[in-house]
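The structure that follows is given in the form of structure tokens.
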Amino acid sequence: MYVAALMMDVVNGSFFLIAGLVAARVTDNPILIGLAGTLHFGVKILLSVYFGHLSDRVGRKPLLIASCLILALAVVLLLLPAKVTIVYLAFVLAGVTAAMFWPVLGAWAGEGADGEQLLDDLGKYNIAFSVGMTVGPFISGALMGRSSSAAVGFTLVGIMAIIVFVLRVKEPTEVTEEEQPQPAAVPPFVLVGWIANFANFTAVGIVRILFPKMAVELGISSFGVGTLFGLFYLAWLVTFVIMRVYTGWQHNPGTLYLLQGVGIGGFALLWRARSMVGLALGLVLFGGCVAMTYYSSLFYCQDGQPDRGRKTGFHEFFLGAGMLIGPFVGGILADRFSLQTPFAFCILVTAIAIIAQIRILQREGGLSHPG
């Protein structure tokens, strides 16, 4: 499963690079290109909860294999004569894959575990996909330098390899109709994780879409922008490793508040900094923050919860909603004010999220829960 998570982020990075370059060939209208991303995340938002809940009923493996086949179809479409409709269809199919793959694999990664064991299992899962997220663009970028066919071929081989790994993993124990988990109420600690995750992935959407243009206008080279993103994802990886090794944070809301405060510091640097060093530090601080909230949300959705797939689907729903809303609002702010202004908006969103979390936990008495 961990290899499957790593390789899916590698092939995802390859798909988005290929699709982005194809989109740039068929239109130079940024609104039309942005619509492709909107379609992708819109489909993911609409279907994540459904597929997560469905996996609680029919099992994880069939949905994982189906998601890989759908992504393979999306990649093959990119070999057809380039048209806007083809690009949009490919992004929609990739959105179906994202909605089907990540909630299901995330729930499977923590299957049958709670407490310390769940922390360890999810830690390995998070480390695996973050490695793939870090190295994937480098591999696909090098292949695209040769030809798009080479990158497509590599992506398809990667997808087939994921299917092989999924088939080799033993299916979780099947659940009978009488024993199927029933949707449970949303405990306060799960709600807190969702709020934190939504706020931070609103900022992730802004960083991914608007940061490159801001950096280029500040005189940073394309290689420099790539290096900055590499540091951003490396901060995720390091934070995941630390959180897996040093436990106890899951019962301490102060840790969650502290890391979100660190994220606010990162946003402040991205808002005001004009140097490579300042931007790098800002991305590293924010990277540690978003890794913390992602790990927390995923853990709380599963620890002691009977409907892990459904709640993990909501985890992906709020993540996708943030990445959909962030670029939209950030683009309006950047157009009306400056390219740095959206990072001030990130400070505001995170501060509101922290206040909401504090009020919820004060009312409910902390982070105590079944796990």
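The values are calculated or read from the model by the stated rules, or taken from the named source; none is laboratory data. Not measured: the values here are computed from a predicted model. Counting neighbours? That spans all protein chains shown, and the Cβs are built from the backbone with ideal geometry, glycine included.
For region 335-344, enumerate the residues that are at pLDDT 85 or above and part of a helix (DSSP H, G or I).
R336, T341, P342, F343, A344 - these are the residues of region 335-344 that are at pLDDT 85 or above and part of a helix (DSSP H, G or I).
Could I ask something else about it? When the residues of region 54-94 are filtered to those that are out of contact with any Pro (no Cβ under 9 Å at 6 or more places or on another chain) and outside any helix (DSSP H, G or I), which remaining residue is nearest to R310 (Cα to Cα)?
The residue in question is L78.
Only residues in region 44-58 that are in the same structural domain as V104 (by TED's automatic domain parsing) count as the first member; pair them with residues that are of a type in the set (F, W, Y) and assigned to a helix (DSSP H, G or I), Cβ under 6 angstrom, at least 6 apart or cross-chain, and list the lot.
Taking only residues 6 or more apart or on different chains, the pairs are I45/F317; S48/F317; V49/F314; V49/F317.
Right, here's the next one. Can you tell me which of Y246, Y257 is modelled with pLDDT of 85 or more, surrounded by fewer than 17 Cβ atoms within 10 Å (Cβ to Cβ) and among the hydroxyl-bearing types (S, T, Y)?
Y257
What helices (runs of 4 or more DSSP H) completely inside region 187-300 contain at least 1 residues that are touching a His at 6+ places or on another chain (Cβ under 7 Å)?
Once the helices (runs of 4 or more DSSP H) in region 187-300 are filtered for at least 1 residues that are touching a His at 6+ places or on another chain (Cβ under 7 Å), what remains is 188-217.
Follow-up question, since we're still on this one. Do we find that G254 is in the same structural domain as E217 (by TED's automatic domain parsing) and within 19 Å of the chain's Cα centre (by Cα) in this structure?
Taking the combined requirement at face value, the residue does not satisfy it.
Still on this structure, I have one more. Condition check: more than 23 Å from M214 (Cα to Cα) and among the aliphatic types (A, V, I, L, M). Does M276 satisfy that?
No: the conditions fail for M276.
Conditions tested, residue by residue: (1) under 26 Å from F198 (Cα atoms); (2) in contact with a Cys (Cβ under 8 Å, 6 or more places away or on another chain); (3) acidic (D, E); (4) at pLDDT below 75.
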| site | (1), (2), (3), (4) |
| --- | --- |
| A23 | no, no, no, no |
| L32 | yes, no, no, yes |
| A36 | yes, no, no, no |
| G59 | no, no, no, no |
| A74 | no, no, no, no |
| I86 | no, no, no, no |
| A94 | yes, no, no, no |
| L105 | yes, no, no, no |
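Could you list all residues from region 192-217 that are within 16 Å of Y257 (Cβ to Cβ) and β-branched (V, I, T)?
V192, I195, listed by residue number.
Tell me yes or no: at least one residue of region 332-341 is touching a residue at least 60 places away in the same chain (Cβ under 8 Å), out of contact with any His (no Cβ under 9 Å at 6 or more places or on another chain) and buried (at least 23 other Cβ atoms within 10 Å of the Cβ). Show your work before the answer.
Looking only at region 332-341, we keep the residues that are touching a residue at least 60 places away in the same chain (Cβ under 8 Å), and these are 334, 339-341.
Add one more test, that the residue is out of contact with any His (no Cβ under 9 Å at 6 or more places or on another chain), and what stays is 334, 339-341.
Narrowing the set further to residues that are buried (at least 23 other Cβ atoms within 10 Å of the Cβ) leaves none.
No, the conditions are met nowhere in region 332-341.
Next question, about the same structure. Being more than 25 Å from T255 (Cα to Cα) and aliphatic (A, V, I, L, M) narrows it down to one residue among A356, A344, A334, A291; which is it?
Within the list A356, A344, A334, A291, the selection yields A334.
State whether one or more residues within region 168-186 are at negative phi and modelled with pLDDT of 80 or more.
Yes, some residue in region 168-186 is at negative phi and modelled with pLDDT of 80 or more.
Conditions tested, residue by residue: (1) free of Cβ contacts under 8 Å to residues at least 40 places away in the same chain; (2) farther than 27 Å from I220 by Cβ; (3) of a type in the set (G, A, S); (4) touching a strand residue (DSSP E or B) at 6+ places or on another chain (Cβ under 8 Å).
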{"site": "A268", "(1), (2), (3), (4)": "no, no, yes, no"}
{"site": "A273", "(1), (2), (3), (4)": "yes, no, yes, no"}
{"site": "M276", "(1), (2), (3), (4)": "no, no, no, no"}
{"site": "L279", "(1), (2), (3), (4)": "no, no, no, no"}
{"site": "L298", "(1), (2), (3), (4)": "no, yes, no, no"}
{"site": "G326", "(1), (2), (3), (4)": "no, no, yes, no"}
{"site": "F343", "(1), (2), (3), (4)": "no, no, no, no"}
{"site": "I347", "(1), (2), (3), (4)": "no, no, no, no"}
{"site": "T350", "(1), (2), (3), (4)": "no, no, no, no"}
